[in-house]
Amino acid sequence: MGYEGGGNIVSLTIQDFLEATSIYNHSMDLDELLSKNPYEIIPCYGFFPEKTQKEGNLCITFNTGECSYYIFEHLKERIKEGYSIELESALFRNSGTSEFLSADWLRRILQNLNTNLNLGKDKNGLFGKFRGHNLRKLFSTTCRRNITNVVVKADKYSELDVVSIFTGHVPPNMSNSEVYDAVDSEDSFDSYLRKNYEALIPYLTINKEQFSVKEDNKNLENEIIKIKESVDILLNSKNQLVS
């Protein structure tokens with residue numbers, strides 16, 4: 001997620017979060033949702049990213065149960081402190097206040113982290129090592145390195161590049177219309193994208209002690225990783241040509 005991704009997050013409302021978790025049968029009731037185990041809640045968000053909105057690139061992505069836990073805690077704290085939890089209100093607010101997060105929230109948080117952790121600058125001496133672009137690249141790379149563990153769909157879309165869809169890009173050699181036809185119109189526990197993402201959760205979770213990851217058939221996996229990583233190169237080249 002780059003800084004543009006921070007803008008996408010700022011625009012999310014409590015209504016969006018309830019819709020993203022609707023398959024968990026909470027009747028669009030926030031209290032009912034917050035009574036569930038957050039580690040078992042994997043929201044599904046569908047939107048058009050700010051950066052690629054003009055191209056109509058659909059982004060369907062999720063967050064881990066570990067992330068849901070912190071969203072739950074944030075909402076519970078707001079309820080406890082008496083701040084607004086109306087459906088149209090922002091999902092995230094500044095901690096301990098009634099203010100919305102500003103569009104540059106991610107940049108400021110990462111600036112503070114770089115300073116407090118003394119991470120310094122990148123190799124060009126321009127940016128702190130901990131920045132939005134690096135987080136987005138880490139997400140993409142982590143998915144691509146471990147996508148071999150997903151369930152493959154046995155039809156003409158079996159080669160669909162789900163990581164591109166998770167990050168709001170059109171997969172190489174596909175059009176927007178092909179992506180729309182390939183993905184399910186509604187989220188479900190049998191959704192191809194959901195199954196892919198849930199298979200990646202052990203690798204995306206920060207607290208690795210919650211999961212034990214098996215590494216079988218390493219030689220074959222390494223070959224597939226090389227192929228998957230080449231997709232990132234294609235995407236980067238494509239984006240540079242567009243910009």
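The values are calculated or read from the model by the stated rules, or taken from the named source; none is laboratory data. Note that the structure is predicted; figures quoted are calculated from it, not measured. Here the Cβ positions follow ideal geometry from the backbone for every residue, glycine too, while neighbour counts run over all protein chains shown. SASA here: full protein model, heavy atoms, side chains in, ligands and nucleic acids out. Shrake-Rupley method; radii C 1.70, N 1.55, O 1.52, S 1.80 Å.
For the reader, a short list of remarks on this structure follows.
- Residues that are within 13 Å of the chain's Cα centre (by Cα) and of a type in the set (Ser, Thr, Tyr) occur in the stretch 177-198; there is at least one.
- Test: residue in the stretch 44-54 that is open to solvent by less than 20 Å² (accessible area, probe 1.4 Å), at pLDDT 95 or above and within 16 Å of the chain's Cα centre (by Cα): no
- When residue 15 is tested against (1) more than 15 Å from the chain's Cα centre (by Cα); (2) in a loop (DSSP other than H, G, I, E, B), just one condition goes unmet, and that condition is (2).
- If the condition is being within 24 Å of residue 190 (Cα to Cα) and either open to solvent by 60 Å² or more (accessible area, probe 1.4 Å) or among the charged types (D, E, K, R) (or both), then the stretch 8-21 contributes 16, 19.
- Residue 75 vs. criteria surrounded by fewer than 13 Cβ atoms within 10 Å (Cβ to Cβ), part of a helix (DSSP H, G or I) and at pLDDT 80 or above: no
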